[in-house]
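The next block holds one structure in the form of structure tokens; read it before the comments.
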Amino acid sequence: MGPPRAIPVLDARDTPHPAAFACRALPGETAELIRAAERHYSRVAVRLGDGVSRRWLARNSTPYAREVEAVAAAVARPGARLLNTSFEWGCTTGARATPDGAMEMLRVLDWDLDGLGRNLCVIRQAGPAGEWWNIGWPGFVGCITGLAPGRFAAAINQPPLPETALGRLARRGKLRGPAMLADWAAQRPLTWRTEAPPPSHLLRQVMETAPDYGAALALLRDSPIAAPALFILAGTRAAEGAVIERTRDDARLRPAAPAVVAANHWDAMPLRGAPRWRDSAAREARLLADFVVEPPVLNPLTRVVARMEPATGHLALEGHERHGLAARLEAGPLP
């Protein structure tokens, strides 16, 4: 692997559809991500999933449905809608107080999809509450990692799947793939029936509209969502940090005291669940112990490592692929 690529920063503050703007600004990167999805899922599965996602978004309450269609038009091939409704990553994310009385967030995202680290970008976006930075990929409409300088940083982790009897049976036979498929299929009908927005769309709304940490916390805790999620939030002051464990109709808060970390299992929610990713408890414990990105937090499927300081607007961002560091950005407050 060659030297790390410089992660591009795109200014989409004055555009109506930032995700589509990013597709047009980064056509090569966009095409590579679609090809990666076709290799991973197959072209047939991508086409079928795109059709199902289009029908679901058409009746969903998300305010970003038109932007997803703008992305689909810019891409001009199946895949844009499917990738905008995909929730298959694993994560280890924490928030902690710093010695100077502020907060920082350390976010590590794992996904078995090549190209995500190499084609990472930062999109400068704006909403009623001010500017914020969407850390993701061209064509991705929602937000799974965001920094609003002077307000807060936030991220989404995947929660555990509801554990089914068939999934438990497959796990006893050490059939991890079939177990996850059985658990995933069991919870999909509830997601398809709801009209609540996807968690990544809710987080984008929060980044655009919440003026401060308290408002962001209330929205992430109380707003309807289409699927369970783990939200991690860090404000500008030492007391402003929490993990918000969410189902569709319930919430549990774990405040930073002075640190808090989430991986891909429930800690406070009184539910059984099957973590979606490997070593969930070990990853959480490792990050909480010293807040550094080392194995098992860092692993061959790590694609994004972001360290964010909301009070100063400082962002240290890395994109990883299977063979190591692929892209990098170090940025302070942007003009």
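Every number here is computed from the coordinates shown, using simple stated rules; none is lab data. Everything numeric in this text was worked out from a predicted model, so none of it was measured. When we count neighbours, we look across all protein chains shown, and the Cβ atoms used for this are built from the backbone with ideal geometry, even at glycine.
Structure values in brief
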| item | result |
| --- | --- |
| For the stretch 229-335, size of Cβ-based charge dipole, Lys and Arg +1, Asp and Glu -1, in debye | 280 debye |
| Magnitude of the charge dipole, the stretch 1-52, Cβ model with Lys/Arg +1 and Asp/Glu -1, debye to 20 | 180 debye |
| Centroid-to-centroid separation of the stretch 231-264 and the stretch 34-70 [C-alpha atoms, Å] | 30 Å |
| Charge dipole of the chain about the Cα centre (unit charges at C-beta), most positive-ward option of 234, 146, 262 | 262 |
| Cα centre as origin, Lys/Arg/Asp/Glu Cβ charges: the stretch 64-137 dipole, Debye | 200 debye |
| Cβ-based exposure ranking for 93, 209, 194, in which fewest neighbours within 10 Å come first | 209, 194, 93 |
| Length-normalised contact order of the stretch 230-274 in % [C-alpha pairs under 8 Å, at least 6 apart] | 30 percent |
| Dipole of the chain, positive direction: furthest Cα of 98, 225, 287, with charges on the beta-carbon | 225 |
| Lys/Arg +1, Asp/Glu -1 at C-beta; the stretch 16-96 dipole; positive extreme among 57, 82, 33 | 57 |
| Contact order normalised by residue count of the chain, Cα under 8 Å, 6+ apart, percent | 23 percent |
| For the stretch 1-124, share of DSSP beta bridges that run antiparallel, in % to the nearest 5 | 75 percent |
| Per-selection Rg to Rh, the chain - Cα, Kirkwood hydrodynamic radius | 0.93 |
